[in-house]
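Here's the structure we're looking at; comments come further down.
Please treat every number below as a calculation from the coordinates, not as lab data. Keep in mind that what you see is a predicted model, and the values were worked out from it rather than measured. Reconstructed Cβ throughout: ideal geometry from the backbone, glycine too, with neighbour counts over all protein chains shown.
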Amino acid sequence: MRQVAGALAGRIVTYAEVGESCRIDDHIGFIKFGSRVDLFLPLDSEILVRLNDKTKGDITPIARLHS
């Protein structure tokens, strides 16, 4: 996961520390004013959203990870 600040007054607030472990449902921070998050998923993940879908953090499922 990578948080990327947007060009227009983008601001990122991160709670997580470098090297800290996190679980799939942990809140690690939040993004304001049109910034974005890049997700890096395993190749065998089932993607549950499509291009241009509107998503909400902690509400919209993005992908299903396979073991």
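Most tightly packed first, judged by the mean number of other beta-carbon atoms within 10 Å of their residues, the peptides 15-22, 59-66 read 59-66, 15-22. Rounded to whole numbers, the Karplus 3J(HN,Hα) couplings from phi for the range 38-52 are 9, 9, 10, 10, x, 4, 8, 5, 8, 7, 9, 10, 10, 3, 6 Hz, using 6.51 cos²θ - 1.76 cosθ + 1.60 with θ = phi - 60°, and x at Gly and Pro.
In this simple spin-label approximation, Ile59 and Asp44 carry label points 7 Å from Cα along the Cα→Cβ vector, and these lie 3.3 nm apart. A simple spin-label model places the labels of Val37 and Tyr15 1.2 nm from each other, with each point 7 Å out along Cα-to-Cβ.
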